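Novice: If you scroll down you'll find the structure; I have some questions about it.
The values are calculated or read from the model by the stated rules, or taken from the named source; none is laboratory data. Note that this is a predicted model, so its numbers are computed, not measured. No Cβ is skipped: glycine too gets one built from the backbone with ideal geometry, and neighbour counts run over all protein chains shown. Side chains are part of the model used for accessible areas, which takes the heavy atoms of the whole protein and leaves out ligands, DNA and RNA. Shrake-Rupley method; radii C 1.70, N 1.55, O 1.52, S 1.80 Å.
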Amino acid sequence: MEPKARAEDEDVKITVELLKSITGEFDLESILFLKLTKMNICNLGCIGDCVNLERLDLSRNDISNLNPLASLKLLTVLNLSANRISNLDPLYSCENLQNLNLAGNLISSVDALRSITKLKNLDTIRLKDTVCSFSNPVCMNTSYLNIILDMFPNIKILDGERVSGRGSDLYRLCKDIDDSLKEIDNIRPIHVSVSPTKWVEDSYWELKPMHQTQTDKASEQFFELLKECRELKSKAADVITKTKRMPRAVK
């Protein structure tokens, strides 16, 4: 008998059977990488039994309670984007966490982020994603960028933008230039009639007579001499022809 198909809008709880069917692993401790996206997961269930997990993607679900993640000490990359998360306290125990994506959740204030400020290895945080139009209420704060950088002094990448470390200065320069160009494009053009100006004078393209050089003079003399030689050759040929026509003297 075939298993009953799950309805698309049915809330899902992570179970041992679900994890084994997805990963093919018999032992949950053998799972190192796990991707559970777009599954309507609302309960993390036994995810905490995957104690050797290093990378976990739970994006685009219906998760609000992160308590089961507290036992994942080896976790380095965690994607929780597009859920209903407002409390990050359980992540305090994920001491090896380096990359955390929280874009598209319900984090309303910077106080909600203080529980993860002690994660010494955390260098990449995403609270908003302009490509996917994901954000958090805290991102609306006018001092958002400065506050986050003060709270996480070791952060290298925030919201996909390099803010410190190698290449950060170049990145900021390119971004500033790009922003300036966008501002120029947004400015309403002012129509001012400006007549075109010439970048060179008209006489620049005129052919001017070149001054005669010694080489030019020598060439003229050579051609004159060549002409005289041709004339002498012609006269000599005439004399030879006439000489041949004269009768020879009889001995």
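Novice: How are the alpha carbon pair distances in region 66-175 distributed across 5 Å bins from zero to the largest one, expressed in percent?
Specialist: 2, 12, 23, 27, 21, 11, 4, 1, 0
Novice: Applying 1/(1 + (r/R0)^6) with R0 = 35 Å to the Cβ-Cβ distance of Lys242 and Ala218, what FRET efficiency is obtained, to the nearest 0.05? Working shown, then result.
Specialist: Values: r = 37 Å, r/R0 = 1.05.
Once the sixth-power term is evaluated, E becomes 0.40.
Novice: In addition: Expressed in nm², what is the orientationally averaged projection area of the convex hull enclosing the Cα positions of region 76-138?
Specialist: Working: hull surface 15.1 nm².
Over every viewing direction, the Cα hull of region 76-138 projects on average to 3.8 nm².
Novice: Carbon-plus-sulfur fraction of the accessible area of region 54-120, 1.4 Å probe, in percent?
Specialist: Numbers: 1170 of 2830 Å².
It is 41 percent, rounded to a whole number.
Novice: On a 31 Å Cα-Cα criterion, which of the cross-link pairs Lys217/Lys244; Lys35/Lys156; Lys35/Lys120; Lys35/Lys118 come out too long? Numbers along the way, then the final one.
Specialist: On the way: Lys217/Lys244 41 Å; Lys35/Lys156 25 Å; Lys35/Lys120 25 Å; Lys35/Lys118 26 Å.
Correct reply: Lys217/Lys244.
Novice: Turning to a different aspect of this structure: For region 8-95, what does the accessible surface come to per residue with a 1.4 Å probe? Please give it in Å².
Specialist: Working: 4380 Å² over 88 residues.
About 50 Å² of surface per residue is accessible.
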